[in-house]
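The values are calculated or read from the model by the stated rules, or taken from the named source; none is laboratory data. All values reported here derive from a predicted model rather than from experimental measurement. No Cβ is skipped: glycine too gets one built from the backbone with ideal geometry, and neighbour counts run over all protein chains shown.
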Amino acid sequence: MKILIRENLQTKEINIYGTDGKLHTEEFFDKYFSDTGGAYPTLPYEREEFQTDAEWTIITEADFLLLAETISVIQKAIDDVNELLIGGEKVGKFVFQSECFLI
């Protein structure tokens, strides 16, 4: 999924794959960034004005860099859990108070 960094008007791409092997980046952003002030779905006027096809906007480069550093850790956790599930581990082990921590 393409991300616009508003501070420097660069468009970058981030992809997060779920345990099903499919892309779930947009779902991840919807769940974890929809109620924050630092990221939001790119507005139509931004797409036109900044000539971008980004789906989400992150306001500062520092926030984007922090996310970029964290993505590899998140993806590794998802991949590790997937290996455990393939090995027979139950999904319930990764659920807490009805909240699933897997994408």
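Picking from residues in the range 48-73 that are more than 15 Å from Q10 (Cβ to Cβ) and hydrophobic (A, V, I, L, M, F, W, C), the one that is surrounded by the most Cβ atoms within 10 Å (Cβ to Cβ) is I71.
Being in contact with an Asp or Glu (Cβ under 8 Å, 6 or more places away or on another chain) and either modelled with pLDDT under 90 or surrounded by 14 or more Cβ atoms within 10 Å (Cβ to Cβ) (or both) is a property that K76 lacks. For the range 14-30, enumerate the residues that are farther than 14 Å from S72 by Cα and without any contact (Cβ under 8 Å) to a residue 24 or more places away in the chain. Within the range 14-30, D20, G21, K22, L23, D30 qualify.
Residues in the range 31-47 that are assigned to a helix (DSSP H, G or I) and exposed (fewer than 11 other Cβ atoms within 10 Å of the Cβ): 2 in all. Note on the range 48-69: among residues that are assigned to a helix (DSSP H, G or I) and in contact with a strand residue (DSSP E or B) (Cβ under 6 Å, 6 or more places away or on another chain), the one that is modelled with the highest pLDDT is E61. Can you find even one residue in the range 11-22 that is at pLDDT 95 or above and in contact with a Ser or Thr (Cβ under 9 Å, 6 or more places away or on another chain)? Checked against the condition, which is being at pLDDT 95 or above and in contact with a Ser or Thr (Cβ under 9 Å, 6 or more places away or on another chain), the range 11-22 yields at least one hit.
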